[in-house]
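Trainee: The structure is given below, and queries will be raised subsequently.
The values are calculated or read from the model by the stated rules, or taken from the named source; none is laboratory data. Every value quoted in this text rests on a predicted model; they were computed, and no experiment measured them. When we count neighbours, we look across all protein chains shown, and the Cβ atoms used for this are built from the backbone with ideal geometry, even at glycine. Accessible surface is based on the protein model in full, side chains and every heavy atom, while ligands, DNA and RNA are left aside. Shrake-Rupley method; radii C 1.70, N 1.55, O 1.52, S 1.80 Å.
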Amino acid sequence: MDAERTTHDSPHTGRADALTDVPGLRVGHAQRTGGGWLTGTTVVLAPEGGAIAAVDVRGGGPGTRETDALDPRNLVQRVEAVVLTGGSAFGLDSASGVAAWLEEHGRGFRVGPDPAQVVPVVPTAALFDLGRGGDWRARPGAALGREAAEAAAGAEPGAPVGQGNVGAGAGAVAGGLKGGMGSASLVLSSGITVAALVAVNAAGSVVDPRTGGLYGQAYEPSGDGGSYRPGEVEHAEAVRRLATARAESERRQAASVRPPLNTTLAVVATDAALNRAQAHKLAGTAHDGLARAIRPVHLMSDGDTVFALATGDRPLVPEESGGDAGDPAFGVHREAGVLNEVLAAGADALTRAVVKAVLAAEGVDGPGGVFPAYRDLYDGPF
């Protein structure tokens, strides 16, 4: 659909159909592949001055840093960056490189009279990809985090977001298939933009075992090709090939990693003026988007985590639209109605981002395992 349409109708995708459709947000990836490596880091850089942020963790095995700072009851109001990274708990070191870069640029929570006296608060979540490149000790550190931050800072405003085997999605796997990074956006009739970025790395599956179609494709906007449903023979062959790949991966991983340790990470963002409690609600309802596209989800072997960012450029109810129409009680309900649209769009955008991640992923056949891409197994109109 036309990204510049301004009529008040159903939501449509933004210009880039990505997180960067929220003005001021930039995304940078850094990854290492080959030579035992299959991992990476992704940085979402907020506009200078930061963005309202929140988080909702629903997986049973999360790996996080500074998520407590996002509790609405706590001191720090805005953050300058959010980090998604591979490497499990070891990969949280990548946030140190991002924090150092932010400090050098005077960005962070001011703690002294000198503008350079800042402490960057960098909420971070990690997914499990250890050993998938063949080397158990190949994991992101501060240098990779800095590289991703610099890539984000150097990106043009509104630039397309790299998807597939990049950043935190480099070593991602979903139900035996190659996972990866995906991003999508929706522009509401109010003009508010809601967008999502996700690293799909799930113990559950993104594919309906009955049909071979992707669970999340039912939520694509009309005109985007609709849901692909393979024929019975094609599906049966894909199931056989995936089972063979899983068996081979288990053989190669026998001396390293065997449990289905995973974690899907996401950032949902909007240019709406949300307070911290509303942003927390957005992070929570966005998890519905994961549940539509991945089954099962939020398992004990997942650490599924969704961050929310609100840049505050657009009020939920602009004054020129009539405000509370002279009735404060009515104004509360009107604002809640607009907020409901933002919450629903967050879930929809995240579902679409999961689909785009799976379709953009490229298969991997290496010492750490065989992870075919969805496109390797099916021949749909992708």
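Trainee: How many of the residues in segment 281-296 are under 16 Å from VAL338 (Cα atoms), open to solvent by 10 Å² or more (accessible area, probe 1.4 Å) and not charged (D, E, K, R)?
Mentor: The total comes to 1.
Trainee: It is to be established whether one or more residues within segment 147-166 are assigned to a loop (DSSP other than H, G, I, E, B) and farther than 30 Å from ALA273 by Cβ.
Mentor: Yes, segment 147-166 contains at least one residue that is assigned to a loop (DSSP other than H, G, I, E, B) and farther than 30 Å from ALA273 by Cβ.
Trainee: Determine, yes or no, whether GLU341 is modelled with pLDDT of 95 or more, out of contact with any Lys or Arg (no Cβ under 9 Å at 6 or more places or on another chain) and assigned to a helix (DSSP H, G or I).
Mentor: yes
Trainee: Continuing with this model, one more query. Only strands (runs of 3 or more DSSP E) wholly contained in segment 11-88 count here; list those with 2 or more residues that are among the polar types (S, T, N, Q) and in contact (Cβ under 8 Å) with a residue 60 or more places away in the chain.
Mentor: Hits in segment 11-88: 26-34, 37-45.
Trainee: Continuing with the same structure: Please work out which residue is nearest to GLY63 (Cα to Cα), limiting yourself to segment 121-170 and to residues that are among the charged types (D, E, K, R) and surrounded by fewer than 20 Cβ atoms within 10 Å (Cβ to Cβ).
Mentor: So the residue we want is ARG137.
Trainee: Within segment 89-113, track down each residue that is hydrophobic (A, V, I, L, M, F, W, C), open to solvent by 70 Å² or more (accessible area, probe 1.4 Å) and in a helix (DSSP H, G or I).
Mentor: Taking segment 89-113 and keeping what is hydrophobic (A, V, I, L, M, F, W, C), we get 89-90, 92, 95, 98-102, 109, 111.
With open to solvent by 70 Å² or more (accessible area, probe 1.4 Å) added as a condition, the list becomes 90, 109, 111.
PHE90, the sole residue that qualifies.
Trainee: Please enumerate the residues belonging to segment 190-214 that are of a type in the set (S, T, N, Q) and part of a strand (DSSP E or B).
Mentor: The answer is THR193, SER205.
Trainee: Something else now. Taking the condition at pLDDT 80 or above, farther than 18 Å from VAL187 by Cβ, open to solvent by less than 40 Å² (accessible area, probe 1.4 Å) and touching an Asp or Glu at 6+ places or on another chain (Cβ under 9 Å), does VAL317 pass?
Mentor: Considered against the rule, which asks whether it is at pLDDT 80 or above, farther than 18 Å from VAL187 by Cβ, open to solvent by less than 40 Å² (accessible area, probe 1.4 Å) and touching an Asp or Glu at 6+ places or on another chain (Cβ under 9 Å), VAL317 comes out as no.
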